[in-house]
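Enquirer: My structure is below; once you've seen it, I'll send some questions.
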Amino acid sequence: MTETPTAGTTGPRLGIFTRLLEDAPADRRYRFALEQIAAAERFGLRSAWVAQHHFSAAEGGLPSPLVFLSHAAAHTSRITLGTAIITLPMENAVRVAEDAAVLDALSDGRLEIGLGSGGNPKSFPAFGTSFDERREVFADKLATLRTLVSGGSLPTDHLLYPEAGTANPDRPGLDRRLWQATFSSGGAGAAGAAGDGLMLSRTQPRPQDDPGAALDEVQLPVIDTYLSQLPDDVAPRILASRTAVVADAADLPRLREITEPALRNEADRLVGYDTSSLSLDELLVATDTYLGTPEQVIERLSRDRVLDRVTDVSFQVHSVPATNETALRSIELLATEVAPALGFDVAEERVH
């Protein structure tokens, strides 16, 4: 069994994850996300991740994450850019490989490819597949994608161009920058056996027999399974996503007021049980939402045992209906106050 890596005096690499959910038209959402990624780089964060959602503005409205990240790459120079996730069953695996290879070349090897089978049943028919067969389709398309980015040829004898992994000789090839998102130990074991990275969600439904379980109780066994299947010569890559809005004390009353109805609207779906009797503070805990001053967020995060076991952590503001200004301030406070207190890894040299 491969042990969780230790990083000397530093903890997990700090990043952001944007769902592009501001109350604004698509063009402004995309510009806001670009501002947040640029701010993350400026404050020394290591990575920025975006999600893919089809057809629905309420889900985030970014159907083409590699197109967006190509634009982000042109406005940044250091920060790693990743997908969290591409819903592979709805994609042509050859096109994903080609687009990823082009983006990786343009970004000097800064791309990370997070993949998943998808969770919205309504979107699948438009892409000629179904929700029920998503896992089998995912496996087939992942095999094709892996073949191409590993330098192998298709049954038609076609090879990927540009070649994956040639953009930056100091970084591993794209085949070693694949990640799989999963809730389950079975999915984690498959990711580990393939040598891929493991992506853990910001929250997830609790076991029916233990609805009050803490998130780390649910996710630690998933990490253990991933590590048990990881080849001995492959370094672990484990990314934990978390919802965190770090704010100044004067802004907290307003943020709490607007957060409560938004969070109640989706809490039951997130955790899998009836949360209607919970107070706002209990609801924040139940949905793994870290909303508070730097001191308050530090105190809660310090009790999350998953963060001691991962190589990367990314923070998103959703499910808090935060404005772009709130998100930018949260990024600054994460980098300047939360990261030093918890030992998160940020760049010593900031980008100006």
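The values are calculated or read from the model by the stated rules, or taken from the named source; none is laboratory data. Note that the structure is predicted; figures quoted are calculated from it, not measured. Reconstructed Cβ throughout: ideal geometry from the backbone, glycine too, with neighbour counts over all protein chains shown. For the accessible areas, the whole protein counts, side chains as well, though only heavy atoms, and no ligand, DNA or RNA atoms are used. Shrake-Rupley method; radii C 1.70, N 1.55, O 1.52, S 1.80 Å.
Enquirer: Please report, in debye to the nearest 20, how large the charge dipole of region 199-246 is about its Cα centre when each Lys and Arg carries +1 at its beta carbon and each Asp and Glu carries -1 there.
Expert: Roughly 340 debye, rounded to the nearest 20.
Enquirer: Within 10 Å of each candidate Cβ there may be at most 14 other Cβ atoms; applying that plus a DSSP loop requirement, which GluC sites (Glu not before Pro) in region 31-103 survive?
Expert: Nothing satisfies the criteria.
Enquirer: Could you pull out every residue, at least 5 positions away or on a different chain, whose amide H is within less than 5 Å of the one on TRP49? Hs are placed 1.01 Å off N in the peptide plane, and Pro or chain starts have none.
Expert: So TRP49 has HN proximity to ILE16, PHE17, THR18, GLY82.
Enquirer: Turning to a different aspect of this structure: What residues qualify as long-range amide H neighbours of ASN168, i.e. H under 5 Å apart, gap of 5 or more or another chain, H built at 1.01 Å from N?
Expert: none
Enquirer: Answer rounded, prolate or oblate for region 115-243, using the Cα gyration tensor with square roots of eigenvalues a ≥ b ≥ c: rounded when a/c is under 1.5, else prolate when a/b is larger than b/c, else oblate.
Expert: Since a/c reaches 1.5 but b/c is at least a/b, the shape of region 115-243 is classed as oblate.
Enquirer: A follow-up question, please. Does region 52-174 come out rounded, prolate or oblate, given a ≥ b ≥ c as the square roots of the eigenvalues of its C-alpha gyration tensor, rounded meaning a/c under 1.5 and, failing that, prolate meaning a/b above b/c?
Expert: Note, shape of region 52-174 comes out oblate.
Enquirer: In terms of the Cα gyration tensor, with a ≥ b ≥ c the square roots of its eigenvalues, is the chain rounded because a/c is under 1.5, prolate because a/b exceeds b/c, or oblate?
Expert: Judged from the Cα gyration tensor, the chain comes out rounded (a/c under 1.5).
Enquirer: Next question, about the same structure. Do the sum for the chain: with -39,500 (n - 2.57) for every DSSP H run of n ≥ 4, divided by all residues, what is the mean residue ellipticity at 222 nm, to the nearest 500 deg cm²/dmol?
Expert: Per the formula, -11500 deg cm²/dmol.
Enquirer: Residue by residue, what Karplus-based ³J(HN,Hα) values in Hz, rounded to whole numbers, does region 73-80 have, using 6.51, -1.76 and 1.60 with θ = phi - 60° and x for Gly and Pro?
Expert: 4, 6, 9, 9, 9, 10, 5, 6
Enquirer: For LEU106 and ARG28 in one chain, what is 0.36 nm times their gap in residues minus the Cα-Cα distance, to one decimal in nm?
Expert: 25.7 nm
Enquirer: Using θ = phi - 60° and the Karplus form 6.51 cos²θ - 1.76 cosθ + 1.60, what ³J(HN,Hα) does each residue of region 28-42 get, whole Hz, x for Gly and Pro?
Expert: After applying 6.51 cos²θ - 1.76 cosθ + 1.60, I find 6, 4, 5, 5, 4, 4, 4, 4, 5, 5, 5, 5, 4, 5, 4 Hz.
Enquirer: List the residues, sorted by chain then number, that are 5 or more residues from THR293 or on another chain and whose placed amide H is less than 5 Å from its amide H.
Expert: When sequence neighbours closer than 5 places are left aside, the close amide H contacts are ALA247.
Enquirer: For the chain, with a Gaussian network of springs between Cα atoms less than 10 Å apart, report the residue from VAL234, VAL313, VAL297 with the top mean-square fluctuation.
Expert: Top of the fluctuation ranking is VAL234.
Enquirer: Further question: For PHE55, what accessible surface area do you get with a 1.4 Å probe? Give it in Å², rounded to 10.
Expert: 150
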